[in-house]
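The values are calculated or read from the model by the stated rules, or taken from the named source; none is laboratory data. In this text the structure is predicted, and so the values were computed from the model without any measurement. Don't worry about glycine lacking a Cβ; one is built from the backbone with ideal geometry, like all the others, and counts go over all protein chains shown. We work out accessible area using only protein heavy atoms, side chains counted, and drop any ligands, DNA or RNA first. Shrake-Rupley method; radii C 1.70, N 1.55, O 1.52, S 1.80 Å.
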Amino acid sequence: MMKENLKKDIKTFEQFAKLADYSFVNRLNCDPDAKFNGDNKESREVFSGHYVSVEPTAIKEPIYICHSENFFNDLGFNKSLIKSDDFIKMFSGDMSNISYPMENISWATGYALSIYGTEYYAQCPFQTGNGYGDGRAISVFEAVINGKRWEFQLKGAGRTPYCRGADGRAVLRSSIREFLAQEHMHALKVPTSRSLSLFTSKKEQVKRPWFRNNSYSRDPEVMIEEDVAITTRVAPSFIRVGQLELFARRARKNEHKKAYEELEQIVLHLIHREYNDEINSDLNLEEKLILLAKQFQNRLTSLVANWIRVGYCQGNFNSDNCAAGGFTLDYGPFGFIDMFDPKYQPWTGGGMHFSFFNQPNAAKKNFKSFCSSLKPLLSSNLNSLKELEEIENNFSKIMHIKIENMWASKLGIDKFDFELFDELINLMIETKVDYTIFFRELSNIPNSINELEKSFYDNFENKDIKLRWNSWLEKWRTKIDINSNESIKKVSNQMKSVNPKYTLKEWYLVLAYEQAQEGNYELVKQLQEVMTNPYIENSKEFEDKYYNKKPSNLFGMAGISHVSCSS
Ligand SMILES: Nc1ncnc2c1ncn2[C@@H]1O[C@H](COP(=O)(O)OP(=O)(O)OP(=O)(O)O)[C@@H](O)[C@H]1O
Ligand SMILES: [Mg+2]
């Protein structure tokens with residue numbers, strides 16, 4: 001049974017600390033070598049155990065930038081908490097003052113990496129995979145709040161054994177992006193890790209590869225110094241597909257005595273953290289694993305359909321960036337699409353396999369890695385193995401259904417219509433349309449193509465295209481219920497509930513983080529306000545500012561149309 005906490009008004013750090021309830025460190029194994037390695041802040045191989053105890057490295061003289069009021073509300077945290085010195089200390093990485101009832105516990109985890117279904121070891125400095133994992137993310141707290149378990153993790157909190165020689169930091173730019181994107185995604189009704197707080201410091205800078213001003217280069221050209229920051233993200237767990245893979249690889253190769261047991265422990269822990277409601281604890285292991293595969297498949301396919309619905313591209317959908325709880329994780333090389341392009345990929349290091357419309361295939365590869373990780377636990381049960389394989393083989397079919405339903409809902413129709421969809425996609429590519437604006441304008445149920453003009457980048461004068469658009473629109477209007485004003489309103493409202501008005505495009509983010517680097521957080525706050533209400537019409541001021549096509553001079557511009565470094 002979970003420890004229940006009724007919705008509370010948590011005002012003080014003491015009240016907050018009392019919520020502490022650590023399951024990851026209490027139920028799982030610590031790296032047995034951790035105690036021989038000082039403060040565990042040097043890159044090294046970690047051969048076994050599910051986590052390494054490591055304290056965050058605080059950022060000095062932390063400056064508050066923002067916190068998520070929505071998430072504070074969800075958690076029952078009073079806004080006075082963000083003013084508490086101890087709270088500020090903890091979430092800027094200073095754990096020195098932590099005392100009972102909260103224990104001074106913080107941990108980082110190892111994980112493996114598969115890229116598009118292929119296992120990699122080369123990214124680990126030791127070529128063994130034992131040095132890969134949370135290089136700069138450190139979990140500091142776990143609690144059951146209103147009956148739901150949450151883990152709090154600092155990103156950019158300093159080196160861990162998995163830092164691979166890097167600085168363990170996150171810069172202000174990337175932290176603002178992650179903070180805003182997480183809360184935006186939640187407001188878009190897409191499952192995601194959440195943002196708690198964001199602090200920066202003027203006392204420490206780190207170097208990152210970047211571009212010259214107004215550059216169109218694809219590759220970074222210079223090293224720049226950026227202020228460090230720590231965002232705290234919160235999720236039911238941070239277990240990744242890659243994490244299961246690490247233990248499965250060890251079990252498969254029989255790397256140490258406890259390898260099989262550690263795999264079983266982490267998988268059962270995943271069920272405990274993420275699938276407690278769906279998987280009955282009385283079932284036997286095989287039954288649990290089969291249900292787990294089905295449930296994860298269900299969540300992952302919905303997730304990717306949702307990403308495409310809102311125009312999101314996770315440019316680096318490796319297995320280590322794929323949360324085993326089926327939500328969005330790691331807002332590094334992401335982007336929200338401007339001009340529609342099925343091949344959109346905002347990260348220059350990412351490759352076409354992680355591009356916008358290929359995300360269902362990338363998810364399928366991650367699901368394959370996930371299933372491979374369960375297989376060692378089923379090796380003595382051929383029937384269950386077969387069942388797992390059937391689930392795996394079903395992925396494309398389920399994904400397909402979810403994607404079709406998603407398009408149908410974006411178009412306000414009951415049943416997916418391939419011909420209608422296919423012609424639309426071709427027209428959207430040929431005309432060059434802004435993805436978000438197009439579907440939002442369509443949600444007004446236009447009578448004529450002129451009413452969609454706001455979303456067109458060009459080709460509007462082309463007669464042939466205009467004719468094709470008009471006949472598409474006519475055909476579309478025969479598929480929706482427009483028999484009365486009431487029914488029009490109904491379709492329009494349904495469409496508006498899935499076609500956001502506002503999405504967090506990179507050029508808005510650039511303005512906000514550039515201003516923040518100068519110590520002005522106004523635009524960050526404004527974006528927070530607009531992007532946590534993405535489906536409402538909002539004010540004229542916000543509409544003029546954030547409901548626009550990308551200006552032509554920004555196309556192809558480095559740091560805006562593509563990014564090379566997301567950390
Ligand atoms: N500056 C850094 N210092 C130490 N480790 C880093 C740094 N940047 C990235 N890493 C590590 O490199 C790996 C790959 O980086 P990636 O960009 O996928 O993740 P991330 O954005 O740091 O983290 P996460 O997936 O936790 O959101 C991760 O394991 C990450 O911890
Ligand atoms: Mg990552």
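Quick notes on this one:
- Condition check for Ser443: at pLDDT 95 or above and of a type in the set (Ser, Thr, Tyr): yes
- Taking the range 347-361 as the range and being open to solvent by less than 10 Å² (accessible area, probe 1.4 Å) and within 14 Å of ligand 1 (Cβ to nearest atom) as the test, the residues that pass are Gly350, Phe354.
- Residue list for the range 125-149, filter: under 21 Å from Asp330 (Cβ atoms) and part of a strand (DSSP E or B): Gly133, Ala137, Ile138, Ser139, Val140, Phe141, Glu142, Arg149
- Output for the range 55-69, where each listed residue is in contact with a helix residue (DSSP H, G or I) (Cβ under 8 Å, 6 or more places away or on another chain) and farther than 30 Å from Val530 by Cα: Ala58
- Of the residues screened, Lys294 is not one that is without any contact (Cβ under 8 Å) to a residue 40 or more places away in the chain and among the basic types (Lys, Arg).
- Complete set of residues in the range 430-479 that are hydrophobic (A, V, I, L, M, F, W, C), more than 35 Å from the chain's Cα centre (by Cα) and not in a helix (DSSP H, G or I): Phe460
- Residue match in the range 127-137 (condition: out of contact with any Gly (no Cβ under 8 Å at 6 or more places or on another chain) and free of Cβ contacts under 8 Å to residues at least 12 places away in the same chain): yes
- Selection from the range 184-193 of residues that are outside any loop (DSSP other than H, G, I, E, B) and either open to solvent by 10 Å² or more (accessible area, probe 1.4 Å) or of a type in the set (Asp, Glu) (or both): His186, Ala187, Thr192
- Of all residues in the range 310-344, those being at positive phi and within 10 Å of ligand 2 (Cβ to nearest atom) number 1.
- Filtering the range 495-507 to residues that are surrounded by 15 or more Cβ atoms within 10 Å (Cβ to Cβ) and either closer than 21 Å to Ala408 by Cα or without any contact (Cβ under 8 Å) to a residue 40 or more places away in the chain (or both) leaves Met495, Lys496, Val498, Asn499, Pro500, Lys501, Tyr502, Thr503.
Okay, residues lined up against (1) more than 30 Å from Glu119 (Cα to Cα); (2) assigned to a loop (DSSP other than H, G, I, E, B); (3) more than 16 Å from ligand 2 (Cβ to nearest atom); (4) within 22 Å of the chain's Cα centre (by Cα):
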site: Ala166; (1), (2), (3), (4): no, yes, no, no
site: Arg177; (1), (2), (3), (4): no, no, no, yes
site: Ala181; (1), (2), (3), (4): no, no, no, yes
site: Ser197; (1), (2), (3), (4): yes, no, yes, yes
site: Glu204; (1), (2), (3), (4): yes, no, yes, no
site: Pro209; (1), (2), (3), (4): no, no, yes, no
site: Ser217; (1), (2), (3), (4): yes, yes, yes, no
site: Glu225; (1), (2), (3), (4): yes, no, yes, no
site: Val234; (1), (2), (3), (4): no, no, yes, yes
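- Members of the range 125-139 found to be touching a strand residue (DSSP E or B) at 6+ places or on another chain (Cβ under 6 Å) and not hydroxyl-bearing (Ser, Thr, Tyr), listed by number: Gly133, Asp134, Ala137, Ile138
- Members of the range 480-514 found to be assigned to a helix (DSSP H, G or I) and either more than 30 Å from Leu527 (Cβ to Cβ) or among the basic types (Lys, Arg) (or both), listed by number: Asn485, Glu486, Ser487, Ile488, Lys489, Lys490, Val491, Lys496
- Taking the range 508-555 as the range and being open to solvent by 80 Å² or more (accessible area, probe 1.4 Å) and of a type in the set (A, V, I, L, M) as the test, the residues that pass are Leu511, Ile536.
- Selection over the range 273-291 of residues that are part of a helix (DSSP H, G or I) and either within 21 Å of the chain's Cα centre (by Cα) or among the polar types (S, T, N, Q) (or both) gives a count of 2.
- Within the range 302-331, residues that are among the acidic types (Asp, Glu) have Cβ atoms under 8 Å from residues that are open to solvent by less than 10 Å² (accessible area, probe 1.4 Å) and part of a loop (DSSP other than H, G, I, E, B) in these pairs: Asp320/Ala112, counting only partners at least 6 apart in sequence or on another chain.
- Within the range 316-333, tally of residues that are polar (S, T, N, Q), within 10 Å of the chain's Cα centre (by Cα) and more than 10 Å from ligand 1 (Cβ to nearest atom): 1
- Criterion (under 30 Å from Leu291 (Cβ atoms) and among the charged types (D, E, K, R)) met by exactly one of Glu430, Glu451, Glu404, Glu474: Glu404
- Qualifying residue in the range 477-484 (condition: within 20 Å of Pro551 (Cα to Cα) and without any contact (Cβ under 8 Å) to a residue 60 or more places away in the chain): no
- Number of residues in the range 530-550 that are in a helix (DSSP H, G or I) and farther than 19 Å from Lys496 by Cβ equals 3.
- Residues that are open to solvent by less than 50 Å² (accessible area, probe 1.4 Å) and not in a helix (DSSP H, G or I), drawn from the range 243-272: His256
- Within the range 6-25, residues that are surrounded by fewer than 17 Cβ atoms within 10 Å (Cβ to Cβ) reach partners that are in a helix (DSSP H, G or I) and among the polar types (S, T, N, Q) with beta carbons closer than 6 Å, at six or more positions or on different chains, in the pairs Lys11/Ser80.
- Conditions (1) in a loop (DSSP other than H, G, I, E, B); (2) over 11 Å from the mean Cα position of the chain (by Cα): number failed by Lys294: (1)
- The residues in the range 195-210 that are open to solvent by 10 Å² or more (accessible area, probe 1.4 Å) and closer than 24 Å to Ala58 by Cβ can be counted, and the count is 7.
- Residue in the range 40-58 that is out of contact with any His (no Cβ under 9 Å at 6 or more places or on another chain), open to solvent by 60 Å² or more (accessible area, probe 1.4 Å) and on the phi > 0 side of the Ramachandran plot present: no
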